[in-house]
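The values are calculated or read from the model by the stated rules, or taken from the named source; none is laboratory data. A quick note: this is a predicted structure, and the numbers were derived from the prediction, not measured. Cβ coordinates were reconstructed from backbone atoms using ideal geometry, including for glycine residues, and neighbour counts include every protein chain displayed.
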């Protein structure tokens with residue numbers, strides 16, 4: 001352990017500068033809830049000190065005890081040595097202030113759909129005349145989107161499917177943390193498999209959408225996440241296309257499908273030239289989340305069936 005740092009760095013401000021410098025020097029990659037070395041250092045330092053991770057300013061000049069300095073330094077050193085995202089080291093991740101347990105059985109939750117749910121941005125895609133009563137989260141992972149949906153639509157029942165049994169264990173803990181066991185039903189299986197015969201007002205999905213080439217170029221941080229949660233086939237859209245093709249059978253007549261596709265907009269529009277996708281933007285994204293109504297999907301399915309021999 002760096003004895004000089006422990007001796008000379010006293011305040012949160014000191015450790016913030018030190019952590020950001022060390023992370024930059026080590027060439028760490030970010031993107032698992034933070035985007036810069038400074039933000040990553042702030043998250044780990046505040047977590048190590050049991051302080052709110054979204055309230056840095058009040059504590060910048062707080063002086064740390066020797067034990068606190070040791071704990072902060074340990075987190076900084078572990079982040080560099082292991083290349084694990086800060087969320088895994090802390091065991092928690094946040095979406096718009098909502099806290100979720102995470103470990104390496106689940107991808108660190110980060111979703112533009114989550115932003116849309118929390119800010120009311122989905123309202124432009126939903127019919128104003130009908131309340132949302134039934135929601136499906138396809139590939140729920142940690143359960144974050146299912147939980148956010150349940151909080152945003154308090155009269156809705158939420159089903160959430162997930163192929164990984166380990167991920168479902170994490171999701172179950174998060175659902176329990178929010179006291180939503182009566183409203184969220186977690187189901188093990190692939191995509192729509194566990195909900196055969198069910199219909200929903202809203203289906204949300206943040207599936208794997210990373211191309212094979214992009215996955216091969218990932219920095220070490222991403223290797224700690226389940227590969228299943230990243231790889232979307234050669235073009236990154238294999239799972240997205242499955243969801244679009246299968247969703248009509250699970251949507252109510254005026255239901256809506258919302259899917260996060262990353263940088264796949266061009267490929268999706270080329271694959272489905274006749275579908276009137278609505279592209280939903282957030283404060284930090286543009287054209288990475290699509291919305292499409294059941295009627296448009298059903299019309300396409302009918303035309304496709306008529307063309308088949």
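Given the structure, is residue 192 over 29 Å from residue 34 (Cβ atoms) and modelled with pLDDT of 95 or more? Step through it out loud before you land on a result.
Numbers: over 29 Å from residue 34 (Cβ atoms): yes; modelled with pLDDT of 95 or more: yes.
Yes; evaluated as a whole, the condition is true for this residue.
Would you pick out the residues in the stretch 272-302 that are in contact (Cβ under 8 Å) with a residue 12 or more places away in the chain and more than 29 Å from residue 120 (Cα to Cα)?
The answer is 301, and nothing else.
Considering only residues that are out of contact with any helix residue (DSSP H, G or I) (no Cβ under 7 Å at 6 or more places or on another chain) and surrounded by 16 or more Cβ atoms within 10 Å (Cβ to Cβ), which ones fall in the stretch 250-267?
Residues of the stretch 250-267 out of contact with any helix residue (DSSP H, G or I) (no Cβ under 7 Å at 6 or more places or on another chain): 262-263, 265-267.
Hits for the stretch 250-267 are 262, 265, 267.
Give, as residue ranges, the helices (runs of 4 or more DSSP H) completely inside the stretch 1-96 that count at least 2 residues that are within 17 Å of residue 221 (Cα to Cα).
Details: elements: 3-8, 12-26, 37-48, 66-82, 86-90.
It comes to 12-26, 37-48, 66-82, 86-90.
Please pick out the residue among 225, 245 that is farther than 21 Å from residue 130 by Cβ and free of Cβ contacts under 8 Å to residues at least 60 places away in the same chain.
On the way: 225 fails: free of Cβ contacts under 8 Å to residues at least 60 places away in the same chain.
245 is the lone residue from the list that is farther than 21 Å from residue 130 by Cβ and free of Cβ contacts under 8 Å to residues at least 60 places away in the same chain.
So which residues in the stretch 196-214 are at pLDDT 95 or above and touching a strand residue (DSSP E or B) at 6+ places or on another chain (Cβ under 6 Å), if there are any at all?
Selection gives 199, 200, 201, 202, 203, 204, 205, 206.
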